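Trainee: Take a look at the following structure, please.
Readers should treat all values here as calculations from the given coordinates under stated rules, not as data from a laboratory. Predicted model only: the values in this text are computed from it and were never measured. Every residue, glycine among them, receives a Cβ derived from its backbone with ideal geometry; neighbour counts consider all protein chains shown.
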Amino acid sequence: MQLKFETQSKENSQMLLTITVDKSEVKKTYQDFLVETQKDIQIPGFRKGKAPFSILEMKFKEAIIAEVSSKIVDESYKEVIEQVEKKPLNFSTPKLDELKKLDLNEDFTYSLTSDVYPEIKFGDYKTVEVEKNEVEVTQKDIEKELDRLRKEFATIESKDGKCEDGDIVHVEYVVTKDGNEVLNKDSEYIHIGKDYDFYKIGKDLIGLKKDDTKEFKKKYAKTEIESLAEKTFEFKVKVKDVKKEVIPELNDELVKEINENYKTVEELKENLKKDMETFATNSIKNKAVESIMTEIVKTFEGSIPKSMIDEQLNLYWNDFVQRFRNDEKKAISLLAREDKTKTSYLEELRDKATEEIKKALIVQEIVKKEGIKASEEDIKNHLSNFAKYYKMETDNLFKIYKDSNQLHVFENEIESKKAVDFLFDNAKSKKGKKMTLEELKISQESIE
């Protein structure tokens, strides 16, 4: 197609694209459209497909001009967009300026405004000072994890004798207040020390045996459940059964049940230590990288297109709705209980979305500046876990993605990770705190 175009950068990371289609192309497109239209039109007095062009133009000129204009815009835009250096964002809808009416004797010019990938600047990213904490995995950490694993394989068995802390007691009980019955339950299991039961009477059962009964009063403090605070209730409880949690001994047989990949207790301990050390290392690194990115974002210069922010907000919304098994009505209903709407909920996340986009743009820019590339070996290493999951050879999975032109997805992930590693490795390290693994986990939970 004979045409010419020019681009002009605008504010807010937008581009004005002006396309001029030569009048010879306009005439040709018009004539071709007439020929195609003639085939399907039947006008009284003429056989189908035989009506003269002059009659078609007399009856449908305005509609034909509109259709041809649309066709020219569509075809010329597709051709030009392959040539422009700055491509419109995939999730941005170009805005077409008001079209002038098509004149068959003149060139046809139109303009579109699109959001484009923003031009950004940011400060020095190689010498950011960051605090790097130290975490030591101790034998105590390993033993605690082993105890947790043993409890996962515990059995529940009836026991003789008195209720003790940690036992599970099968009871029936009546609750009254000022002589009036509030609750009557003929069966409930109460785990002493866990406080899962509403009235929290587990500790009051300690010392009772099967078939024992007990009557007692309980006054609740201000700090307890709001509906019970500063109220006194009378309880009449009968113990129907007492059960205890039997935790198995840690031996090679249990290890095989815990994880079929391990055969001995020592092997399990070694791998637990490795996993904990990896967790600690990654956690420290992630916190440090977050600090580094926060400092770099402070120096960010550039305009984030609205469509890019809206796309990030859309991802947040999809993640939120997934919590409700993709039932958007349920998600909106929950927000309504908090006097929120979808719009207000997303508006609260707008600053977060903008921050995340800035970080992503910075990482991508570092990939370019540092010439970071994902090698074939990198991609295959990345795909190895997927290959294990699908029970395939890594090379075969690599070939499938390569043949379907999907390797770029993994390349982007790998290159971004390498850029983050680059930031971490080049940061000026400032000695942080020495922490236990437990302190590390608590600090992460407080952030979440």
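Trainee: Can you list the GluC sites (Glu not before Pro) in the stretch 15-100 that are in a DSSP coil and have 10 or fewer other beta carbons within 10 angstrom?
Mentor: Sites meeting the loop and neighbour criteria: E82, E85, E98.
Trainee: Arrange the peptides 101-109, 288-296 so that the one whose residues have, on average, the most other Cβ atoms within 10 Å appears first.
Mentor: Top of the packing list down: 288-296, 101-109.
Trainee: Residue farthest toward the positive end of the dipole of the chain, with Cβ of Lys/Arg at +1 and Asp/Glu at -1: which of S76, I64, S227?
Mentor: Toward the positive end, the furthest listed residue is I64.
Trainee: Under 1.5 on a/c is rounded, so check that first for the stretch 359-410, then, if it is not, pick prolate when a/b is larger than b/c and oblate when it is not; a ≥ b ≥ c are the square roots of the alpha carbon gyration tensor eigenvalues.
Mentor: Prolate, since a/c reaches 1.5 and a/b exceeds b/c.
Trainee: Separate question: Distance between Cα centroids, the stretch 393-421 to the stretch 96-131: provide it in whole Å.
Mentor: Each part reduced to its Cα centre gives a spacing of 29 Å.
Trainee: How far, in nm, would the chain grow between K380 and E301 when pulled straight, counting 0.36 nm per residue and subtracting the alpha carbon separation?
Mentor: Stretched fully, the K380-E301 segment lengthens by 24.8 nm.
Trainee: With the dipole of the stretch 249-347 worked out from charges on the C-beta (+1 for Lys and Arg, -1 for Asp and Glu) around the Cα centre, which of A336, F324, L254 lies farthest toward the positive end?
Mentor: Towards the positive end, the residue furthest out is A336.
Trainee: Using only the alpha-carbon atoms, how far is helix 328-337 inclined from the longest principal axis of the chain? Give it as 0 to 90 degrees, nearest 10.
Mentor: Relative to the chain, helix 328-337 is tipped by roughly 60 degrees.
Trainee: By its C-alpha gyration tensor, with a ≥ b ≥ c as the square roots of the eigenvalues, how is the stretch 1-158 shaped: rounded for a/c under 1.5, else prolate for a/b larger than b/c, else oblate?
Mentor: Since a/c reaches 1.5 but b/c is at least a/b, the shape of the stretch 1-158 is classed as oblate.
Trainee: Residue farthest toward the positive end of the dipole of the chain, with Cβ of Lys/Arg at +1 and Asp/Glu at -1: which of V297, V35, H382?
Mentor: V35
Trainee: What is the dipole size for the chain, taken about its Cα centre, with +1 at each Lys and Arg Cβ and -1 at each Asp and Glu Cβ, in debye to the nearest 20?
Mentor: 760
Trainee: Rounded, prolate or oblate, given the Cα gyration tensor of the stretch 339-385, with a/c below 1.5 counting as rounded?
Mentor: Oblate, since a/c reaches 1.5 and b/c is not below a/b.
Trainee: Here is a further query. Pop the C-beta distance of L315 and N271 into the FRET formula with R0 = 45 Å and round what comes out to the nearest 0.05.
Mentor: E between L315 and N271, to the nearest 0.05, is 0.80.
Trainee: Please give me, ordered by residue number, the GluC sites (Glu not before Pro) of the stretch 115-188 that lie in loop per DSSP and have at most 13 other Cβ atoms within 10 Å.
Mentor: Sites meeting the loop and neighbour criteria: E119.
Trainee: Something else now. I want to verify a result. In a Gaussian network model of the chain, Cα cutoff 10 Å, which of these has the top mean-square fluctuation: D178, D195, D167?
Mentor: D178
Trainee: Residue separation times 0.36 nm, minus the C-alpha to C-alpha distance between D425 and D195: what's the value?
Mentor: 78.1 nm
Trainee: Further question on the same structure: Full-extension gain between I258 and K368, please, as 0.36 nm times their residue separation minus the C-alpha to C-alpha distance.
Mentor: Result for the pair: 35.0 nm of gain on full extension.
Trainee: Using mean Cβ contacts within 10 Å as the protection proxy, how do 315-323, 266-274 order, highest first?
Mentor: Per-residue mean Cβ counts within 10 Å order the peptides as 266-274, 315-323.
Trainee: Exceeding 27 Å between C-alpha atoms, which entries from my cross-link table qualify? They are K200/K238; K140/K391; K194/K330; K151/K231; K151/K200; K200/K269.
Mentor: Table pairs above 27 Å Cα-Cα are K140/K391; K194/K330; K151/K231; K200/K269.
Trainee: Each label point is 7 Å from the Cα along the Cα-to-Cβ direction; what then is the distance between the points at I81 and A360, in nm?
Mentor: About 1.9 nm, to one decimal.
Trainee: Nearest 10 degrees is fine. How inclined is helix 53-81 to the longest principal axis of the chain, computing both from alpha carbons?
Mentor: 50
Trainee: Return the equivalent ellipsoid semi-axes of the chain as a descending list in whole Å, where each equals the square root of 5 times an eigenvalue of the C-alpha gyration tensor.
Mentor: After scaling each eigenvalue by five and taking roots: 66, 34, 25 Å.
Trainee: What is the angle, in °, between the Cα long axis of helix 394-403 and the longest principal axis of the Cα atoms in the chain? Nearest 10 is fine, range 0 to 90.
Mentor: 30
Trainee: Each label point is 7 Å from the Cα along the Cα-to-Cβ direction; what then is the distance between the points at K50 and I247, in nm?
Mentor: For the pair K50/I247, the computed spacing is 9.7 nm.
Trainee: Residues of the stretch 1-43 with backbone nitrogen within less than 12 Å of a virtual label 7 Å along the Cα-to-Cβ line of K100, please, listed as ranges.
Mentor: Residues 20-21 qualify, since their backbone N sits under 12 Å from the label point.
Trainee: Still on this structure: How far apart, in nm, are two points set 7 Å out from the Cα along the Cα-to-Cβ line at D74 and at N12?
Mentor: 2.9
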